[in-house]
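The structure appears below as structure tokens.
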Amino acid sequence: MTTAQLTIEPASEHVGAFVSGIDLARSAEPGGLGDETVAAIRAAWAKYGVLFFRDQNISPEQHIAFAEHFAAIDINKFFASVDGYPGIAQVLKEPDQEHNIGGGWHTDHTYDPIPARGSILLARETPATGGDTHFLSVGAAYDALPDDLKKTVENLEAHHSSAHVFGAQSKHAEDIGDRFGNSEAVGGATHPVVIQHPETGRKLLYVNAAFVTGIVGWSTEESDELLTRLYQHIVEGGFDYRYQWEVGSIAMWDNCSTWHSAYNDYPGQRRLMHRITIEGVALSAA
Ligand code: SIN
């Protein structure tokens, strides 16, 4: 395949792009998608934060082969996997379940010392209506911070944890029950509040309400006040794009430069997604 067939069109002002003219099933063929095409996708992924592909009814093997063009698979410690494919996490909501996986703004795996570089989510079953995923750019959010806040967040670090989300005593464990396992694998990590994108060098706000437990060295009160101000700025700044799924749609997001949140507005319907998360690199402060 040549890159001449690839079309990449921005989805919104700050985040996301639609990629067409590509059949991801070719990922599993000898030679895969080809170096030039992979390089074009990698560059667009870094630039736009999330790439959307339509009509990719690929097999689990093709999904894995596509992901491995970019990095090794980072197996999620807590989600059930697809039968026979430990590298593919199942993101499932059954009609009788109330709570969904991934509802609420977050970035995947930030509780790990080296967080995942990105995720490739493939829609297998979609509800008749609802179940969109919202994405936003934390690079655009950083750029738009008022100068006083830019100064405040410089050189700060935040602590991230999975214990309150996936631990045995967590609210999620109570609400979502047996869809999460392995609660003994919970842990945490400290990361700079402003990181540099590993490929573009862009400054990014690297905190999220799901996993951050506080600013290192600050009191709970001070920390909550700053984080609330940052989260409000990030969510309300118009740095977002809401993606509507169809069976065979893919979203490939950059875990350094975006947040995402899955809508839970389809009671009584089933939604099944397959997610592959890929390994990251050590983060650097900006
Ligand atoms: C996730 O947070 O990884 C799941 C997102 C979604 O199901 O739309």
In region 242-257, which residues are surrounded by 22 or more Cβ atoms within 10 Å (Cβ to Cβ) and either over 22 Å from Ala11 (Cβ atoms) or more than 11 Å from the ligand (Cβ to nearest atom) (or both)?
Ile250, Met252, Asp254, Cys256, Ser257
Quick check: is even one residue across region 211-218 open to solvent by 40 Å² or more (accessible area, probe 1.4 Å), of a type outside the set (Val, Ile, Thr), modelled with pLDDT of 95 or more and away from the ligand (no atom under 16 Å from the Cβ)?
yes
With respect to Tyr263, determine if the residue is open to solvent by 50 Å² or more (accessible area, probe 1.4 Å) and within 10 Å of the ligand (Cβ to nearest atom).
yes
Return the total of residues in region 62-101 being within 17 Å of Arg270 (Cβ to Cβ), open to solvent by 30 Å² or more (accessible area, probe 1.4 Å) and polar (S, T, N, Q).
2
Can you confirm whether region 227-241 contains a residue that is within 15 Å of the chain's Cα centre (by Cα) and either polar (S, T, N, Q) or surrounded by 20 or more Cβ atoms within 10 Å (Cβ to Cβ) (or both)?
yes
Looking at (1) open to solvent by less than 30 Å² (accessible area, probe 1.4 Å); (2) of a type outside the set (Lys, Arg); (3) modelled with pLDDT of 95 or more, which is the only condition Thr190 fails?
(1)
Taking strands (runs of 3 or more DSSP E) that do not extend beyond region 192-286, which have at least 3 residues that are out of contact with any Ser or Thr (no Cβ under 6 Å at 6 or more places or on another chain)?
250-254, 271-278
Condition first: open to solvent by 10 Å² or more (accessible area, probe 1.4 Å) and either in contact with a Cys (Cβ under 9 Å, 6 or more places away or on another chain) or not in a helix (DSSP H, G or I) (or both). Now tell me which residues in region 139-151 satisfy that.
Ala144, Pro146
Identity of the residue in region 122-138, in a strand (DSSP E or B), in contact with a Lys or Arg (Cβ under 9 Å, 6 or more places away or on another chain) and open to solvent by less than 10 Å² (accessible area, probe 1.4 Å), that ends up nearest to the ligand (Cβ to nearest atom):
Thr133
Pull up region 266-283, narrow it to residues that are touching a Lys or Arg at 6+ places or on another chain (Cβ under 8 Å) and among the charged types (D, E, K, R), then point me to the one that is least open to solvent (accessible area, probe 1.4 Å).
Arg271
Ala286 - would you say it is within 16 Å of the ligand (Cβ to nearest atom), buried (at least 16 other Cβ atoms within 10 Å of the Cβ) and aliphatic (A, V, I, L, M)?
no
Could you identify the single residue in Pro113, Pro86, Pro95 that is in contact with a Pro (Cβ under 9 Å, 6 or more places away or on another chain) and away from the ligand (no atom under 13 Å from the Cβ)?
Pro95
Of all residues in region 3-39, how many are touching a strand residue (DSSP E or B) at 6+ places or on another chain (Cβ under 6 Å), more than 18 Å from Trp245 (Cβ to Cβ) and touching a residue at least 24 places away in the same chain (Cβ under 8 Å)?
3
In region 266-273, is there at least one residue being under 21 Å from Asp147 (Cα atoms) and touching a strand residue (DSSP E or B) at 6+ places or on another chain (Cβ under 6 Å)?
no
Select from region 1-53 the residues that are among the aromatic types (Phe, Trp, Tyr) and open to solvent by 10 Å² or more (accessible area, probe 1.4 Å) and write down the one among them that is nearest to Ala144 (Cα to Cα).
Tyr48
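The values are calculated or read from the model by the stated rules, or taken from the named source; none is laboratory data. Here the structure is a predicted model, which is why all the values come from computation and not from measurement. Neighbour counts are summed over all protein chains in view; Cβ atoms, including those assigned to glycine, are modelled from backbone coordinates with ideal geometry. When the accessible area is computed, the model is the full protein with side chains, heavy atoms only, and any ligands, DNA or RNA have been set aside. Shrake-Rupley method; radii C 1.70, N 1.55, O 1.52, S 1.80 Å.
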